[in-house]
1. By how many nm would the segment from Asp208 to Thr6 grow when fully extended, if each residue of separation counts as 0.36 nm and the alpha-carbon distance is taken off?
2. Could you rank the peptides 16-23, 218-225, 83-90 by their average count of other C-beta atoms within 10 Å per residue, with the highest value first?
3. Please compute the modelled spin-label separation between Arg162 and Arg177, points set 7 Å along Cα→Cβ, answer in nm with one decimal.
4. When the Karplus curve 6.51 cos²θ - 1.76 cosθ + 1.60 is applied with θ = phi - 60°, which whole-Hz ³J(HN,Hα) does each residue of segment 184-201 get, with x for Gly and Pro?
5. Please sort 163-172, 124-133, 206-215 by packing, taking for each peptide the average over its residues of neighbouring beta carbons within 10 angstrom, highest first.
6. From the alpha carbon gyration tensor of segment 130-236, can you work out the equivalent ellipsoid semi-axes (sqrt of 5 times each eigenvalue) and give them in Å, largest to smallest?
7. When the Karplus curve 6.51 cos²θ - 1.76 cosθ + 1.60 is applied with θ = phi - 60°, which whole-Hz ³J(HN,Hα) does each residue of segment 60-75 get, with x for Gly and Pro?
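Derivation of every value follows stated rules applied to the coordinates shown; laboratory data play no part. Just so we're clear, the structure is a prediction, and the values are computed from it rather than from any experiment. Here the Cβ is made from the backbone with ideal geometry for all residues, glycine too, and neighbour counts use every protein chain on show.
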Amino acid sequence: MEQSSTSALLQGTVLDLASDVVSALRSGDHVRAGNSTLTAGGTGEGVARAAVRVLGADILLPSVLLRVPPDPGQLAVFKDAVAAHPPRADAAPTVVWSHWAMARALRRTGPPVDVPLTDEPGGEPDARWLEDAGWQFLTHQLAVLAPLALPGEECAVTRVARGRPVDVARGFVRAVRRRDWQQAAGAGRWLTLLDGVPDTLGLEAGLDFVRLMGGSDPRVALQLEAARLMPAGVLL
């Protein structure tokens with residue numbers, strides 16, 4: 001019963017955090033994402049850190065895209081989540097890359113911190129597991145790593161995505177047909193940044209449909225708001 005209660009609390013905190021980020025992205029002012037959820041009290045420290053790790057670097061997306069300064073309390077929880085949970089040696093590639101993205105976001109938005117991006121040569125993990133992946137698996141993995149889909153971002157994952165716009169478009173269509181709105185929104189976010197996306201896809205109309213059908217989920221809405229802002233986004 002206690003485990004079930006904790007799981008429900010974590011899920012609720014993730015949704016609240018996503019809602020905070022969406023509000024900040026939509027307002028474009030000094031509404032600070034995560035402030036109400038992470039610093040208002042009532043959420044255990046462990047649950048807060050776990051929720052931050054679920055959403056990953058997107059917690060700081062308003063700071064990256066809109067230059068909205070993060071709340072100091074929110075930034076402290078984010079930093080703790082990065083420092084306290086480095087990926088294990090046997091961690092899945094998406095876990096390693098998510099941690100890398102969080103550490104990178106922290107460096108972009110906060111004061112200098114002693115959190116290594118990665119132990120890999122060249123300063124980032126490799127993306128070999130994606131290079132020969134089928135289009136269905138590729139789209140799924142890119143959707144999980146949607147926080148890496150940023151204007152001007154340069155890393156191994158973005159290079160793989162740039163080389164396969166048609167496959168990502170196929171994956172987007174498949175996700176919509178399967179009513180997997182979270183994957184569709186994540187794939188759509190990537191597609192807004194890729195050259196060579198087929199005109200026949202109708203991406204703008206597709207994203208509108210995803211918003212209509214799945215936009216009530218804050219995690220879906222977060223990806224859609226990110227996609228909306230991408231053409232104007234400038235990295236710090």
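1. On the way: separation 202, 0.36 × 202 = 72.72 nm, distance 3.43 nm.
Taking Asp208 through Thr6 to full extension adds about 69.3 nm, to one decimal.
2. Values: 16-23: 22.4, 218-225: 24.4, 83-90: 11.6.
Highest to lowest by the protection proxy: 218-225, 16-23, 83-90.
3. Roughly 3.0 nm, to one decimal.
4. Those phi angles translate into 4, 5, x, 5, x, 4, 4, 5, 5, 9, 9, 7, x, 6, x, 4, 5, 5 Hz.
5. Result, highest mean Cβ count within 10 Å first: 163-172, 206-215, 124-133.
6. 18, 16, 12
7. Running phi through 6.51 cos²θ - 1.76 cosθ + 1.60 with θ = phi - 60° gives 9, 4, x, 5, 6, 8, 10, 6, 7, x, x, 5, x, x, 4, 5 Hz.
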